[in-house]
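Heads up: the structure comes next, in structure tokens.
The values are calculated or read from the model by the stated rules, or taken from the named source; none is laboratory data. The structure displayed is predicted, hence computed values, not measured ones. Quick reminder, even Gly has a Cβ in these numbers, built from the backbone with ideal geometry, and neighbours come from all protein chains shown. For the accessible areas, the whole protein counts, side chains as well, though only heavy atoms, and no ligand, DNA or RNA atoms are used. Shrake-Rupley method; radii C 1.70, N 1.55, O 1.52, S 1.80 Å.
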Amino acid sequence: MKHISQAKEIIKENWRDGFTVPTSMLYPFQWMWDSGFVALGTSTYDIKMSLTEIDKMFSGQWKNGMLPHILFHSEKENTYFPNFDFWESSVNEGAPNSPKSSGITQPAVFGFILQEILRAHWKNEEVRKFVKDIFPKVVNYHRFLYDYRDPHKEGLFYIYHPWESGRDNSPLWDESMNKIEIPDGAIPSYQRRDTALANTNERPTQNQYDRYVYLLELGKKYKYDGRQIAEESPFLIQDNMMNAILIKSNQSLIEIASELDLDASEIKEWQELSLSNYDDKFWNEELGLYVGYDLRHNKQLLHKEIGGLVPLFANIPSKPKAAKMNNYLQDLTKRGYYLCPSFDVDSPLFESQRYWRGPIWPQMNYMLYKGLKNYEYLETAEIVKDDLNTLIDKLGFYEYFESQKEIVKHLSKGYGGGNFSWTASSYLLLNRKTK
Ligand code: DGY
């Protein structure tokens with residue numbers, strides 16, 4: 001609780017023309033799910049800033065409903081790869097000319113974010129009007145996922161690039177990524193920028209980057225048309241976490257619709273279909289967690305990782321399943337880990353410093369905290385909150401953090417980018433007075 005004013009200061013410094021950058025050099029544009037979490041954070045003290053950020057995000061929505069994971073509001077920044085000219089969003093005729101964007105999406109956070117904002121500002125007429133006006137755009141985004149990204153009409157959409165999941169280099173994707181055969185000459189020459197700005201040990205490997213670029217090129221080749229990509233992409237995953245967040249946001253939209261007298265019939269149909277297939281597809285009894293599904297090779301991705309806990313946030317698991325998930329967290333805390341490492345600490349693939357292969361991520365703690373509270377695991381929820389507070393208080397507002405308590409004792413900073421917007425925002429959200 002020591003650093004509330006510093007958190008606000010960081011967000012202010014990362015504020016550009018109507019939006020926040022995640023951190024100034026490493027990610028100098030508007031990122032979709034970062035932006036959502038930051039708008040939620042700023043809504044606790046500056047509602048105007050919050051609504052402006054959301055509006056700005058939707059200024060980049062494509063005609064087919066897609067919300068891109070990056071909006072390149074400035075074409076002058078040169079510290080990031082792949083930049084707007086590499087993505088060439090103009091190959092899709094429904095992509096706006098300005099802002100230019102990437103050709104992939106990210107977790108569907110805006111439904112639940114709008115609901116949280118609406119609830120906290122119910123008496124503010126401007127907020128109610130804002131939510132009413134933006135509602136069809138959010139629905140349109142969800143429609144995109146169901147129409148273009150769900151080839152078998154299961155109510156569970158796919159991703160074709162690990163960056164879409166937000167958990168870029170999680171070992172979850174290793175097997176599917178390693179199966180990709182890259183034909184000679186399929187990757188144009190490129191130069192990474194991230195490793196000049198963050199420690200190489202804390203970033204994805206070169207081999208992974210080649211595959212990221214290959215999948216990007218594949219999307220571009222098919223004009224970012226989700227239906228064609230579903231047929232051609234060697235990487236086709238139904239991510240349990242992204243689908244849980246979609247379900248959470250559907251539910252929020254359904255409730256917003258009933259409060260503001262809007263039509264939710266289509267959303268209710270999607271929701272029913274998604275929920276009817278979710279557990280069969282993603283629950284793994286042996287691991288006691290939800291897992292992803294490789295749609296190209298028809299198999300579950302058998303790893304314990306942070307996304308497997310997010311269904312708690314969407315009220316998806318039954319009570320016995322939720323109890324297993326709570327045990328998983330309790331076990332980690334007893335064994336000397338801060339909550340919650342992004343990957344299975346007992347796996348040989350665990351790497352405590354490398355991005356999504358082990359470190360703790362602030363916005364994940366926020367969703368877990370809320371999810372555990374949904375199921376009245378209040379003690380574990382408090383640990384999830386206190387651990388993040390402890391890490392930020394000791395190590396600063398970094399992008400991600402070491403989870404092993406013994407190691408943290410000897411550290412003076414976190415990992416990845418510094419002065420990070422969603423770290424500041426998660427801190428504000430977890431420490432606000434009313435939750
Ligand atoms: C990056 O550049 O590392 C991003 O996570 C991709 O969106």
Given the pairs Lys153/Lys223; Lys12/Lys394; Lys12/Lys385; Lys8/Lys319; Lys56/Lys223, which are separated by over 29 angstrom at their Cα positions? Lys8/Lys319
From Cα pairs below 8 angstrom and at least 6 apart in sequence, can you work out the relative contact order of the chain, rounded to a whole percent? 18
Any aspartates and glutamates with Cα under 18 Å of the Lys123 Cα? List them, leaving off those in the same chain fewer than 8 positions away. Asp46, Asp133, Glu255, Glu259, Asp261
Check each of the GluC sites (Glu not before Pro) in the stretch 333-435 and keep only those in coil by DSSP with at most 12 other C-beta atoms within 10 angstrom; list them in order. Glu376
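Taking the solvent-accessible surface of protein heavy atoms with a 1.4 Å probe, what is the per residue accessible area of the stretch 318-416 in Å²?
Computed with neighbouring chains in place, this is 38 Å² per residue.
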In whole Hz, the Karplus estimates of ³J(HN,Hα) for the stretch 233-247 (6.51, -1.76, 1.60; θ = phi - 60°; x where Gly or Pro) are 6, x, 10, 9, 10, 8, 8, 4, 5, 5, 5, 5, 5, 4, 4
Length gain on complete extension for the stretch Glu217 to Asn178, per 0.36 nm per residue less the alpha carbon to alpha carbon distance? 12.3 nm
Once the Cβ-Cβ distance between Arg227 and His410 is put in as r, and R0 is 35 Å, what FRET efficiency do you end up with, to the nearest 0.05? 0.10
In whole Hz, with x marking every Gly and Pro, tabulate ³J(HN,Hα) for the stretch 6-21 from phi via Karplus 6.51 cos²θ - 1.76 cosθ + 1.60, θ = phi - 60°. 5, 4, 5, 4, 4, 5, 4, 5, 8, 6, 10, 8, x, 7, 10, 8
Counting helices only, and only those DSSP H runs with n ≥ 4, report the 222 nm mean residue ellipticity of the chain as the sum of -39,500 (n - 2.57) divided by its residues, in deg cm²/dmol to the nearest 500. -14500 deg cm²/dmol
Determine the dipole magnitude for the chain: charges of +1 sit on the beta-carbon of Lys and Arg, -1 on that of Asp and Glu, nothing else is charged, the reference point is the Cα centre, and the result goes in debye to the nearest 20. 940
Return the long-range amide H neighbours of Leu289 (sequence gap of 5 or more, or a different chain), with a cut-off of under 5 Å between placed amide H atoms. Asn284
Share of carbon and sulfur in the accessible heavy-atom surface of the stretch 29-166 [1.4 Å probe, %]: 47
Percent relative contact order for the stretch 318-416, counting Cα pairs under 8 Å at least six residues apart, stands at 29
Provide the convex hull volume over Cα atoms per residue for the chain, in Å³. 131
Would you work out what percent of the accessible area of the stretch 318-416, with all protein chains in place, is carbon or sulfur (probe 1.4 Å)? 50
The stretch 30-100: GluC sites (Glu not before Pro) in DSSP loop, at most 10 other beta carbons within 10 Å: Glu93
By a straight-distance test (C-alpha under 13 Å), which aspartates and glutamates pair with Lys281 as possible cross-link partners, with residues fewer than eight away in the same chain excluded? Glu154, Asp239, Asp294
Highest-first arrangement of 235-244, 181-190, where packing means the average Cβ count within 10 Å: 235-244, 181-190
Across the stretch 213-218, in residue order, what do the Karplus-derived ³J(HN,Hα) couplings come to in whole Hz, using 6.51 cos²θ - 1.76 cosθ + 1.60 with θ = phi - 60° and x for Gly and Pro? 5, 4, 5, 4, 4, 5
Using Cα-Cα distances under 8 Å and only pairs 6 or more residues apart, what relative contact order does the stretch 38-85 have, in percent? 20
Sequence-distant or interchain residues sharing an amide H contact under 5 Å with Asp344, placed H: which? Lys304
Residue span Leu262 to Asp55: 0.36 nm per residue of separation minus Cα-Cα distance leaves a gain in nm of 72.6 nm
